[in-house]
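Remarks on the structure that follows.
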Amino acid sequence: DTGVSQDPRHKITKRGQNVTFRCDPISEHNRLYWYRQTLGQGPEFLTYFQNEAQLEKSRLLSDRFSAERPKGSFSTLEIQRTEQGDSAMYLCASSTGLTNEKLFFGSGTQLSVL
Amino acid sequence: GQQVMQIPQYQHVQEGEDFTTYCNSSTTLSNIQWYKQRPGGHPVFLIQLVKSGEVKKQKRLTFQFGEAKKNSSLHITATQTTDVGTYFCAGVSDTGTASKLTFGTGTRLQVTL
């Protein structure tokens, strides 16, 4: 299966710690997205990359959040000084980069901040 | 910013009954997509609508895009237990970033025998 993969599946951390998640998109996909989803809500856009360039960040994304896609392949999302409000499912998605393309989602990383 | 609302939030039906979820955007959309998320799973793409007034069918599922391109609906005929999950609409605003898909609040469907 060459779908979108995310690691780890679950992360439990203490408030104030830093965490990093990894996403491996479908290999030929140029676009990579990060979304956040809390229970009972729809996915909320965080940021996206076209190849290695980060083209948009949500205004909701505080400066404790940083994302990279150094070689245009995998991406990492780091959260510094985690807060309890950061607890959520972090979803990665990829697409080919064509206009109005559908997104392929990974299984997500469930973050719990204690 | 763009907001996408869905109603109802939750619906419980008996197998064989029909189901409809409605999606409304605060801004005109260039296209709308529908995704299904099974309990414990991730969103999976169902369909995309682009044209004003467009109607598409997938077996028991009928999708419609409003004439003003600000609303959409998903209708399931004769629900089955395999239809259980949360259905999200997601749209790209006509005036926003072409690549930023804004998801609706979702409608959770429960189907019992």
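The values are calculated or read from the model by the stated rules, or taken from the named source; none is laboratory data. Here the structure is a predicted model, which is why all the values come from computation and not from measurement. Because the Cβ atoms are built from the backbone with ideal geometry, glycine has one as well, and the counts that use them run over all protein chains shown. Just so you know, the surface numbers come from the protein's heavy atoms only, side chains and all, with ligands and any DNA or RNA stripped out. Shrake-Rupley method; radii C 1.70, N 1.55, O 1.52, S 1.80 Å.
Quick look at the numbers
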item	result
Count - residues of region B:58-113 that are small (Gly, Ala, Ser) and either within 13 Å of the chain's Cα centre (by Cα) or closer than 17 Å to B:Asp18 by Cβ (or both)	9
Residue match in region A:4-11 (condition: part of a loop (DSSP other than H, G, I, E, B), hydrophobic (A, V, I, L, M, F, W, C) and either touching a residue at least 60 places away in the same chain (Cβ under 8 Å) or within 11 Å of chain B (Cβ to nearest Cβ) (or both))	yes
Flag if A:Ser94 is hydroxyl-bearing (Ser, Thr, Tyr), within 14 Å of chain B (Cβ to nearest Cβ) and touching a Lys or Arg at 6+ places or on another chain (Cβ under 9 Å)	yes
Filter result for A:Ser27 (part of a loop (DSSP other than H, G, I, E, B), closer than 13 Å to A:Ser94 by Cα and open to solvent by 90 Å² or more (accessible area, probe 1.4 Å))	yes
Looking only at region A:30-51, and only at residues there that are of a type in the set (Ser, Thr, Tyr) and touching a residue at least 40 places away in the same chain (Cβ under 8 Å), the one that is surrounded by the most Cβ atoms within 10 Å (Cβ to Cβ)	A:Tyr33
Residue within region A:10-22 that is modelled with pLDDT under 95 and open to solvent by 80 Å² or more (accessible area, probe 1.4 Å) present	no
Selection from region B:56-88 of residues that are of a type in the set (A, V, I, L, M) and out of contact with any Phe, Trp or Tyr (no Cβ under 7 Å at 6 or more places or on another chain)	B:Leu61, B:Ala68, B:Ala78, B:Val84
Scan of region A:52-71 for residues that are surrounded by 15 or more Cβ atoms within 10 Å (Cβ to Cβ) and either modelled with pLDDT under 95 or closer than 20 Å to B:Val4 by Cα (or both), ordered by number	A:Gln54, A:Glu56, A:Lys57, A:Ser58, A:Leu61
The listed residue being modelled with pLDDT under 95 and either touching a helix residue (DSSP H, G or I) at 6+ places or on another chain (Cβ under 6 Å) or open to solvent by less than 60 Å² (accessible area, probe 1.4 Å) (or both), out of B:Leu46, B:Leu29	B:Leu29
Filtered residues of region B:1-43 (kept if of a type in the set (A, V, I, L, M, F, W, C) and either touching a Pro at 6+ places or on another chain (Cβ under 9 Å) or away from chain A (no Cβ under 14 Å) (or both))	B:Val13, B:Phe19
Residues being surrounded by fewer than 15 Cβ atoms within 10 Å (Cβ to Cβ) and either away from chain A (no Cβ under 14 Å) or in contact (Cβ under 8 Å) with a residue 60 or more places away in the chain (or both) - total across region B:63-109	9
